[in-house]
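What follows is a short report on a single structure.
The values are calculated or read from the model by the stated rules, or taken from the named source; none is laboratory data. Quick caveat, the model's predicted, so the values are computed rather than measured. Here the Cβ positions follow ideal geometry from the backbone for every residue, glycine too, while neighbour counts run over all protein chains shown. Note: areas computed on protein heavy atoms with side chains; ligands, DNA, RNA excluded. Shrake-Rupley method; radii C 1.70, N 1.55, O 1.52, S 1.80 Å.
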Amino acid sequence: MRHGKQLERRTFNQDRFEILIKRQKNGIATFNELTELDEIVNRDPEIREIVLEEMQDADNPKPPDNDQIHMIEKPVKKSFIEKIKAFISRLFTAEDGGLNPAIAA
């Protein structure tokens with residue numbers, strides 16, 4: 001008598017579902033296989049429950065950690081006067097350090 005892994009009873013639908021899901025995730029499932037997968041999910045209540053639980057987990061992601069929240073910094077808005085100062089400084093300075101050619105002429 002062997003003392004190995006316990007045997008797991010599986011139905012044909014459960015086995016076929018697992019094969020089709022692997023093919024779908026790898027991107028090699030045909031249209032007929034996807035149709036068969038849909039029929040299995042709609043026909044077998046146990047498999048349907050598994051799929052619905054996975055979908056619910058995917059729809060409700062866990063909230064971010066406090067470390068991630070602290071890493072996000074809000075942009076600092078400039079006041080109206082700072083915007084005017086920045087505009088004027090850009091207007092009168094050019095890359096070569098002289099007056100902007102548009103206003104020098």
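Okay, here's what the table says:
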{"read-out": "Residue within segment 52-75 that is at pLDDT 75 or above and in contact with a helix residue (DSSP H, G or I) (Cβ under 7 Å, 6 or more places away or on another chain) present", "value": "no"}
{"read-out": "Complete set of residues in segment 4-29 that are among the hydrophobic types (A, V, I, L, M, F, W, C), part of a helix (DSSP H, G or I) and open to solvent by less than 70 Å² (accessible area, probe 1.4 Å)", "value": "Phe17, Leu20, Ile21"}
